[in-house]
Each structure stands twice: as structure tokens, then as C-alpha cells.
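Structure first, then comments.
Derivation of every value follows stated rules applied to the coordinates shown; laboratory data play no part. A quick note: this is a predicted structure, and the numbers were derived from the prediction, not measured. Cβ sites come from the backbone with ideal geometry, for glycine too, and all protein chains shown count toward neighbours.
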Amino acid sequence: MRESAAAVRIPQKQKIPDPTPKKRILIIAGPTAAGKTQLSLSLAQAVGGEIVSADSCQVYTGMDVGTAKASPEERALIAHHLIDICPISQPFNVAEFYKSAQEAFQEITSRDNVPIVVGGSGFYIHALLYGPPQGPTSIPEVRQQLEKQMRELGPEVLYERLQILDPDYAATISEYDRHKIVRALEIMALSERKVSDFPKPNHLQEQKYDFRCWFIYYPRETLYKRIDARCEEMVRKGFLEEVKALEKEGLRQNSSAAQAIGYRQALEFLASPQTEADQQIFLSAFKKASRHYSKRQFTWFRREPLFRWLNLEEMSLDRLKELILQDFEQGN
């Protein structure tokens, strides 16, 4: 994890001359519990911004506490997009996110406002910059059959099938990532090609926007304390009651949402005798999974050269905001 003395890491960015100035878009990324919401709301008020969520679960109606959605009051103050746009019974993927985000950008800029992308989902943000992953469009009948097999046989069996059919791609994902396993098997069933044979977007997509990308973070010890406190606060705010309600609406059948951090651990707790000891096991597992996720977020964004890093222990929120606004206005 980055804990260097330098508060800002500025990558070398090659600019292509363009006679028509591109509309600028702010991207505020960072690990869970870093304070992205507070910063993004402050920035939006300063530049006339509207927030576009880049969280893979905030799209779902009802996944509120566990995804740390902006409050109704915050959403009344600043317009938010890509939140509560999908029922929990309906899967949502990165291709749909890309399309919805592009539509939101067009809508926001048509009002001469500034899109501010906020989130920690590296996969979704990568798609904005480089284009969505290649592969055939999902077909509900094929997806439903594979998801049924996942429920009946378990991820280990389907992951073993993936290892046989495409060992190169299987080596890049976890045997517990049900969503990616199902999608990989679906792609191969529909295209009769290996997933690893599809070209991977790795060049910045030519588009009409100038993305100004920032990654905000705390050093590990501080971040982990914030994550633990946040997990406890979510439970106090009714997270388990939220998951119980979502379970009745089909949460377990949505393989992606059911595997989300916190929700997976909550579902396991709800399937237990729910003793006090079970609740302690749940809370411990929730914290541990959240900390591990933050580590994966750091790893992902280290590979993204467009992002400049800001250590929140080395500057105040006002100074952080000042740096971002100065860059946004000058466009250097």
C-alpha cells in the first residue's frame, strides 16, 4: 500500500493536440471508507457538478446501508446518477454500466454541469477509460441455465470446468468469483471462443472527454480502523435488516449482488442459528472481507497510470479540494 511522503504522484501524460477543447470529467476513486462521498459532494458544489456512481452495487434498489449510498438529503442537494436504477432481481453488468454512464455524461454536460464519477470499482472505472470488455451480449436463457448450475453444483465445479476450457483466463480470477465464472462460461458457450482469445482494452479510448483522475487514500493502519468502525456503524444502522428484506426480493438469486462485500457474510449469518456467537463471527468476517477488498482496490489502481494519488493524512480536506480544483480549472 502506498504510504510515501509525496502527497501527489503525477504521471507523465502524453497529450494529443485537439483544436476543440474536451469537456472535463472528474473521477474520484479510492478504497472503501476513504471519504469519497464527502469530497465529491464538496467538489460538486464548487464546480456545478453532478455525481455519477461507479459502484457495482449502488445500482440496485434497496442495497443502501451496505453500499454506503449517499443519503436522501445529500442526493437532494446534488444530483446523483446510476443509483437505484435496477431491481435486485435483475443482474447488472459492466457493459450496461458503460452505456448508462455515457448517457449520464451526455445529459449532465448538456446542462453545462460537470460529471463527477465516484467509486471504488476499478473494473467499472477502467471500462469508462478504456472501453467495456469484449464479448457477446448476454442471453438470459443461457445465463439462467449457468446460474442454476452454479447454485446446484457450486463454484468449485464450474471453476474446474473453466480451468479445462480456458486455463489462461481461469488463472486470472478467483474460484470464488461466481459472477466472472458464469460470465466466462457464457461467453464461451455463445462465441465458441476462449475468453482469453478476446482482445483486452488497454489503450485509452479516444472520446470527447478529458478525464481528471484522482485516487484518495489513508495509510493502512488508519484505513483499517476506519473500515472496522464503518462496518460496525452499518450494523447499527440496520444492515442485517436490509439484507433480510432483500433476501425476500431475490438477493440470493443475483449471484453478483449476493457475493458483494458484507452481503455475502450477512446471508451466511442469516442462514445460521443467529446466536450471539454467530453475530460476532459475522461482524469479524465482514470487517476482514472489507479490509481485503481495500487491498485489492489499491492493487487495481496501482496499474492505472492516469490516476494521481492523494494521502489524506498529509493534507486537510480543504487542501485536497484545492489541488483537485486547481488541476480541473487549469487542465495541466
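Classify segment 132-260: rounded, prolate or oblate, from the alpha-carbon gyration tensor (a ≥ b ≥ c, eigenvalue square roots; a/c under 1.5 rounded; otherwise prolate if a/b is larger than b/c)? Oblate shape, in that a/c is at least 1.5 and b/c is the bigger or equal ratio.
Measuring against 28 Å, Cα to Cα, the residue pairs Lys22/Lys99; Lys99/Lys237; Lys244/Lys287; Lys248/Lys288; Lys194/Lys287; Lys248/Lys295 contain Lys99/Lys237; Lys194/Lys287; Lys248/Lys295 as the ones spanning a longer distance.
Relative to a virtual label point 7 Å from the Cα of Leu77 in the Cα→beta-carbon direction, which members of segment 97-141 show backbone nitrogen distances below 18 Å? Within reach of a label on Leu77, which here means backbone N under 18 Å from a point 7 Å along Cα→Cβ, segment 97-141 contributes 114, 116-119. Projected onto planes of every orientation and averaged, the convex hull of the alpha-carbon atoms in segment 221-332 covers 9.7 nm². The charge dipole of segment 154-271, taken about its Cα centre with unit charges on the Cβ atoms of Lys, Arg (+1), Asp and Glu (-1) only, comes to about 360 debye.
Each of Ile78, Leu158, Leu223 was placed along the dipole of the chain (beta-carbon charges, centred on the mean Cα), and the one lying farthest toward the positive end is Leu223. Annotation note: GluC sites (Glu not before Pro) in segment 225-275 located in DSSP loop regions with a Cβ neighbour count of at most 15 within 10 Å are Glu249.
What is the log10 of I(q)/I(0) for segment 140-197, computed with the Debye formula using one identical point scatterer on each Cα and no solvent, at q = 0.22 Å⁻¹? Relative scattering, expressed as log10 I(q)/I(0), comes to -0.77. Here r is the Cβ-Cβ distance between Glu249 and Gln144 and R0 is 22 Å; the resulting FRET efficiency, rounded to 0.05, is 0.80. With unit charges on the beta carbons (Lys and Arg positive, Asp and Glu negative) and the dipole taken about the Cα centre of segment 229-317, which residue among Gly238, Leu251, His292 sits farthest to the positive side? So the residue furthest toward the plus end is His292.
Reported value for the chain: 145 Å³ per residue, from the convex hull of its C-alpha atoms. A Förster distance of 51 Å, applied to the separation of the beta-carbon atoms of Glu268 and Asp318, puts the FRET efficiency at 0.75.
Per residue, the chain reaches -15500 deg cm²/dmol at 222 nm when only DSSP H runs of four or more residues are counted, each adding -39500 (n - 2.57).
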